[in-house]
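Colleague: Here you go, one structure.
Quick note: the coordinates plus some simple rules give every number you see, no bench work behind them. Since the model is a prediction, treat every value here as computed from it, not as a measurement. Positions of Cβ are generated from backbone atoms using ideal geometry, with glycine treated the same way; all protein chains shown enter the neighbour counts.
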């Protein structure tokens, strides 16, 4: 006799097994329809291999396992697939899930199948694969795929076969053991072979199944398999409990029996393995007990998977009115079914249709008096009364300290509770809550980590920015202090004074300190050197690519200019090195101021003379550069640049020569020698021009300027994008802003009562040459188009009232003025020779506009006069 | 077809809380009979009066709390409190003593904490201690056992007893003083200068006893019988009562110095005197206020046994079950924290306040 151990706790509910143990294993008529859920097991649902309309044969695989923990599904009989859709499935929640529906054709035609001749000649892995393909899962209750359980990583020394069936009412395993003991023993032998012949093989049976014990003992004779009988007590059939009873060992909390070198399989599963290996038959049916007082007949049946439970019940004279609870499984751990249409699945060991006498409605729970009966009944040695207390208060920490997750939900505690508290329900809910909470906690932790990392990054960037800002601010403060010391008292709010002050400030800012100044110069040299290098690279690149001579010439010019600039920068740096120690900051600022003053107040002649002088200087330095340069290409480029300078010089000298007596007059409209003073002058001119404009004109002018800026911004953005520069996004957003502004302006213009501007962009519109006297307006557009447009305009004008005409003319004049001004601006910026011509044209246009506007306001109001 | 949706298990054992309480009530009968035989009708009157007040108080409070009155009354827990208090009070105690004790036990000690299952202290013992501290004289006036009464003096009959308890019914034929006397524990407290042997010889309580002390031995044996039956009926486990008796025995044996004048008395005297057995099987076993696990109940019971001896021998009160029980009620949550059972699959027991591993 083998030593057996006792488990703590446990209960002895009425067995109620005799009712269904009368007739052996019966059969059930073929149902009209089989419903086969894709997930009858623990793990991932199987993937259908058939589609509606397919004819399948009995035993044919209709859904394959997906992933490691999954199980195949086979057609329980031959027939036609009717559909794959959501159907109610046996589940405590009463939920629906994907099911394959099979309409049997009544022929019960098998597919090709055959068993393995000698399984001992097969490697365990091949047998495991066969078990996996046969769709075998644990038939005891959990439905865990057997191939996974039979292939543990640890070496196995004990195989335990569970024939306990400790739940009341259920006799499926009992009847199987009684009727098919030799097959079960053969199945055990197969499992032994797969597990590498463990030393100990035990079949555990409770002593309330004497016939099954006898049959198995007889069949196991000489095989080395020990059939062990032990006292009946619920829940001895739990895997952990059976292992404890038979081996005295406890499966460590949260671990699998394989850690102890033990594998446990149910007798039903063992029989299914025998079927799969020796007969080649996959798992398509199982033994199910149908019992309960609401059934006129109780018994065990070999039922095809997918058989609707209603069909099974109808076969057993089910009285629906007498039934208060329809339970799948036993009275201790089974779950209630709401819909008898759900099918029998792989784990359906019992259908219990209980009457009111068997399952009276639960009375309201009374207060827990902590009597401790539950703790005495608990097979896991928990304190159910404390778990209940903490489950009620949702004290998750205490629940885990009291080992809630070691609860096997056997129901012994709730069975004995004199206050009828549904304890297991509380534990299930608490477990669910804790799992959900843990999952959320995990998610929150991840999110927090991400956020903290992000924040740290932003803070770092911000700190860097702040450091830069601080450095700039300090520099500006230092500059201001120096300006304050050097600044002469302001003579008045005159515009020239303002400009001088501004120039002084700029100069002061620039010359914050000799060191900074020097650094700046050095940077400038560096930058120019880089530019030169880039220009040369581009030139070389262009040569390699065989660009045409024009393009090459341009590139050469660029190289030339870059070389010049570098030279200048180097000279500046050199001269700074010479002079800086002696030269005070205030002197520098004063120099800048006097230069501006000179420019602002210079007469036309003086300005031209300055231009000539500066050009001569540039030419001289260019010639010098040519002399110093050895590369042919660079020399050519320098020479072309030199040519340009010479042309300019010639023009300036001509202008100087042709200057009339008014040339000595002091002017505020400066001709330009460098971009800075030009910008000052332009700003002034604009301000003056704007002062005389109507709001509409101003808007239009703004629009025009905007267009230019947009064009420039677009170019920049494109270039940035082409280079994949990091500024591309910034530039694009700036562009968008500009465009938005433009739209706003157009709208504002459109809102003006008298719409004069057509939708055409300003840049396209052309001055109308027809109505008034011709004047020299530089016109780049093709002549024909201009003539056509002019004719069209003339026709329009002919159909207009004088006032309308005036208005149109005014509008077109405005456009022309704007255009002329923009041309002048660009000419000024480029230092073009057309500056004067353009200026003259602009003045004329403005004069004309003034006179037209005068006429308009003098003219009779057409409406008033009518 | 509408089937119930219910969580497993679907079956249930027959035992209910009401039945548990009824078993307890039934188990007090042998002790009650012994008390009534030796000390007259007083205890029965106590019990009936306390039960009436308890059920009335419970009903009133449950109604005040807007709960279903009958549902709560049917658990019989108020009756158990009343019966235990009635058994503990001196026979022929004035009616107001019983009424006050019961009101306090049910109203304050039980329902103020949330009713059955939520009270941290044993309600009967709270009621008893309140009376003992507030009204020490009537609470320590005990009746002389039937056969030790002086010649010509008899225990009052039922009507006389009622008259003594309820003076409004008229003057009883005899004064209560004539029939009062010391209990065995009183005797030990009062004769501190004597050797144990001398006390035994001087006091008829001991000299005429079958085992230890006249009358009291039978009362205690009666409660012991009831308690053993309750263990047999699995109403509670043996842990707490056995631990308490062992604790008391151990202390008495340790400090029994052969019967000197400072001796606290023999273990058997302590086991069969006063409220030892009533306490061990009916008070210490109150599940609501005791420790939870079997291990915890061993600690809890043993601690009460030790405390009972300490207070009896070195304290001011002759008996000590009520104080010892209340003190350990305080300690029960602490005991619970350290006495969790070792769960299946764990190498050792954990603490209730342990954090995640």
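Colleague: Arrange B:260, A:812 by Cβ neighbour counts within 10 Å, fewest through most, would you?
Modeller: Least to most surrounded, the residues fall as B:260, A:812.
Colleague: Explain nothing, just the number: relative contact order of the stretch B:89-128, from Cα pairs under 8 Å at least 6 residues apart, as a whole percent.
Modeller: 43
Colleague: According to the square roots a ≥ b ≥ c of the eigenvalues of the Cα gyration tensor, what is the shape class of the stretch A:96-226, taking rounded for a/c under 1.5, prolate for a/b larger than b/c otherwise, and oblate for the remainder?
Modeller: It comes out oblate by the Cα gyration axes.
Colleague: Quickly work out the residue A:804-to-residue B:134 label distance, labels modelled 7 Å from Cα along the C-beta direction, and quote it in nm with one decimal.
Modeller: It works out to 11.1 nm between the two label points.
Colleague: Between residue B:66 and residue A:722, how many nm apart are label points set 7 Å from Cα along the C-beta direction?
Modeller: Distance between the two pseudo-spin positions: 8.1 nm.
Colleague: Now for a separate question. Out of all DSSP beta bridges in the protein assembly as shown, what portion is antiparallel? Express it as a percent rounded to 5.
Modeller: Expressed as a percentage, antiparallel bridges in the protein assembly as shown total about 60.
Colleague: Between residue A:518 and residue A:218, what is the spin-label point distance in nm, taking each point 7 Å from the Cα along the Cα→C-beta axis?
Modeller: Taking the simple label geometry, residue A:518 and residue A:218 are separated by 11.4 nm.
Colleague: Now, a different point. With r as the distance between the Cβ atoms of residue A:466 and residue B:232 and R0 = 56 Å, compute the FRET efficiency 1/(1 + (r/R0)^6) and round to 0.05.
Modeller: Calculated transfer efficiency: 0.10.
Colleague: Counting only other chains, what is the mean number of Cβ atoms within 10 angstrom of the Cβ of each residue in peptide A:381-392?
Modeller: 3
Colleague: Relative contact order of the stretch B:197-341: what whole-number percent is it, with Cα pairs under 8 angstrom and at least 6 residues apart?
Modeller: Once divided by the residue count of the stretch B:197-341, the mean separation gives 25 percent.
Colleague: Also: What does the structure give for B:13-24 when I average, per residue, the other chain Cβ atoms found within 10 Å of the residue Cβ?
Modeller: Taking the mean over all residues of the peptide, I get 4.
Colleague: Test of understanding: what is the full-extension gain from residue A:453 to residue A:69, defined as 0.36 nm times their sequence separation minus their Cα-Cα distance?
Modeller: 134.6 nm
Colleague: Please check: in the Gaussian network model of chain B (C-alpha springs, under 10 Å), which one of B:150, B:138, B:287 has the largest mean-square fluctuation.
Modeller: B:150
Colleague: Kindly express, to the nearest 10 degrees and within the range 0 to 90, the angle between helix B:321-338's C-alpha long axis and the longest C-alpha principal axis of chain B.
Modeller: 20
Colleague: In which sequence would B:128, B:338, B:200 go, from the one with the fewest C-beta neighbours within 10 Å to the one with the most?
Modeller: Going from least to most buried by this count: B:338, B:200, B:128.
Colleague: Using only Cα atoms, tell me the angle between helix B:239-254 and the longest principal axis of chain B; keep it within 0 to 90° and round to the nearest 10.
Modeller: 40
Colleague: Return the calculated 222 nm mean residue ellipticity for the protein assembly as shown, to the nearest 500 deg cm²/dmol, obtained by summing -39500 (n - 2.57) across DSSP H runs with n ≥ 4 and dividing by the residue count.
Modeller: -17000 deg cm²/dmol
Colleague: Restricting to Cα pairs below 8 Å that are 6+ residues apart, what does the relative contact order work out to for the stretch B:15-181? Please round to a whole percent.
Modeller: That works out to 25 percent.
Colleague: Compute the angle between helix B:294-314 and the longest alpha-carbon principal axis of chain B, please, reported from 0 to 90 degrees and rounded to the nearest 10.
Modeller: 20
Colleague: Next up: Starting with the highest mean, order B:205-217, A:70-82 by the number of other Cβ atoms within 10 Å, averaged over the residues of each peptide.
Modeller: A:70-82, B:205-217
Colleague: Among A:177, A:328, A:552, which comes first, then next, by fewest other beta-carbon atoms within 10 Å?
Modeller: A:552, A:328, A:177
Colleague: For the stretch B:15-181, evaluate the Debye formula with one uniform point scatterer on each Cα (no solvent term) and list log10 I(q)/I(0) at q = 0.10, 0.19 Å⁻¹, rounded to two decimals.
Modeller: For the stretch B:15-181, the Cα-only Debye profile gives -0.39, -1.17.
Colleague: Right, another one. Nearest 0.05, what FRET efficiency do residue B:149 and residue B:113 give at R0 = 56 Å with Cβ-Cβ as r?
Modeller: E between residue B:149 and residue B:113, to the nearest 0.05, is 0.85.
Colleague: Within 10 Å of each Cβ in B:289-302, how many Cβ atoms from other chains are there, averaged over the peptide?
Modeller: 2
Colleague: Springs between alpha-carbon atoms under 10 Å, Gaussian network over chain B: tell me which of B:222, B:265, B:152 tops the mean-square fluctuations.
Modeller: Its mean-square fluctuation being the largest, the pick is B:152.
Colleague: Sort B:274-286, B:22-34, A:128-140 by packing, meaning the average of other beta carbons within 10 Å per residue, with the highest value first.
Modeller: My ranking of the peptides, most packed first, is B:274-286, A:128-140, B:22-34.
Colleague: Using the per-residue mean of other Cβ atoms lying within 10 Å as a proxy for protection, in what order, highest first, do the peptides A:517-527, B:179-189 fall?
Modeller: Ranked by mean Cβ neighbours within 10 Å, highest first: B:179-189, A:517-527.
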